[in-house]
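What follows is a set of notes on a single structure, which appears directly below.
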Amino acid sequence: MGCQTDQELLGIIERVKPLVAKGKVADYIPALKAADQSNVSAAVFHITRGSDVCVSAGDIEQKFTLQSISKVLVLALALIDQGYTNVFQKVGMEPTGDPYNSMIKLETSSHSKPLNPMINAGALAVTSMVNGNSPDEKWRRILHFVQCLLGGKAIGYNKEVADSEYKTTDLNRSLCYFMKQHGVIDGDVDELIDIYTKQCAIEMNCLDLSRIAAVFANNGRDPQTGNILIEEEVARICKTFMVTCGMYNASGEFAIKVGIPAKSGVSGGIMAVVPGKLGIGIFSPALDERGNSIAGAEILKIMAEEYHFSIF
Ligand code: GLN
């Protein structure tokens with residue numbers, strides 16, 4: 001199984017580094033503008049290698065916010081909390097060729113159901129389904145769940161990024177009001193946006209992200225203890241959405257060129273899973289025109305070619 005040493009991974013990072021100059025850091029959430037465009041880091045968490053399981057290279061101390069990657073994790077929690085039938089009554093399973101923040105299909109889909117949980121409308125509906133007696137309890141349960149996926153590590157969220165998105169996210173508010181009018185969500189929109197912007201601002205480094213990816217690679221079991229953190233069926237659903245919708249409207253092309261479940265976020269993170277083998281966490285904030293990390297996607301493409309990662 002490929003990518004066994006830090007040196008090997010560093011070699012791949014060196015190859016993709018020139019690409020960062022071609023991308024652009026996200027700026028529609030004002031606080032994300034501060035990211036250093038030249039950063040590239042990656043970690044590979046092997047689930048079958050014994051004690052020394054993680055290989056990493058690049059600016060590995062650099063933390064970043066999960067943004068859309070959080071959609072996968074909160075989907076897992078909502079499925080655990082509410083079950084398959086309830087969740088998929090409110091949100092669909094079909095990929096879309098539209099951008100993640102698009103509104104257009106909400107009006108035309110049956111019962112105004114968001115097409116899938118990886119676009120913003122679907123993710124907002126999913127977040128609204130997390131159990132909790134108050135918005136604060138819901139948020140604490142989300143954070144606690146992510147910490148469990150990290151083996152109990154106490155991570156937090158970036159308040160500046162969350163506040164920055166909360167103040168500017170009129171489009172996400174519009175999606176919520178539309179869905180509320182049509183009965184997809186209920187409750188207070190600002191409270192939902194508060195939880196959603198915090199979940200998107202959960203902060204970690206690429207090593208942490210690779211560990212979470214390894215839980216999915218390991219069918220929902222903790223890669224170190226073997227404990228079940230996510231039921232296998234829920235992990236399977238999440239990975240399937242990562243294949244069909246995880247790279248936004250570039251998911252089809254990514255499936256052909258790389259062929260593994262992956263989810264990206266506008267901060268430049270990508271979580272990728274090689275089922276049964278390893279989890280990958282990548283951070284590089286320069287994005288291509290569809291909002292995927294330009295160097296990050298290339299790292300995965302090189303790995304897929306060299307190590308034959310494609311699941312197809
Ligand atoms: N917080 C971001 C938003 O809702 C997440 C989007 C993303 O990472 N694509 O716009």
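Quick rundown of the values:
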| read-out | value |
| --- | --- |
| Charge dipole (the range 163-236, unit charges on Cβ, about Cα centre) - positive-most of Met204, Gly226, Leu192 | Gly226 |
| If the convex hull is drawn through the Cα atoms of the chain, its volume per residue in Å³ | 113 |
| Sum of -39500 (n - 2.57) over DSSP H runs of 4+, divided by residues of the chain (222 nm, nearest 500) | -14000 deg cm²/dmol |
| With every protein chain in place, the range 144-203: carbon and sulfur % of accessible area (1.4 Å) | 48 |
| Gaussian network model of the chain, springs between alpha carbon atoms under 10 Å - residue of Gly132, Gly23, Gly187 with greatest fluctuation | Gly187 |
| Dipole axis of the range 1-157 (+1 Lys, Arg; -1 Asp, Glu on Cβ), positive-most option in His144, Ile12, Cys54 | His144 |
| Cross-link pairs Lys63/Lys113; Lys33/Lys301; Lys113/Lys239; Lys105/Lys239; Lys90/Lys257; Lys71/Lys277 - those with Cα-Cα distance over 28 Å | Lys63/Lys113; Lys90/Lys257 |
| Protein accessible area in the range 223-286, 1.4 Å probe - carbon and sulfur % | 54 |
| Under Karplus coefficients 6.51, -1.76 and 1.60, residue-wise ³J(HN,Hα) of the range 140-151 in Hz, glycine/proline x | 5, 5, 4, 4, 5, 4, 5, 5, 4, 5, 9, x |
| Within the accessible area of the range 10-87 (1.4 Å probe), percent carbon and sulfur | 51 |
| Where the range 91-214 is the region considered: accessible area per residue in Å², 1.4 Å probe | 42 |
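The values are calculated or read from the model by the stated rules, or taken from the named source; none is laboratory data. Keep in mind the model is a prediction, meaning the values are calculated, not measured. No Cβ is skipped: glycine too gets one built from the backbone with ideal geometry, and neighbour counts run over all protein chains shown. Ligands, DNA and RNA are excluded from the accessible area calculation, which covers all protein heavy atoms including side chains. Shrake-Rupley method; radii C 1.70, N 1.55, O 1.52, S 1.80 Å.
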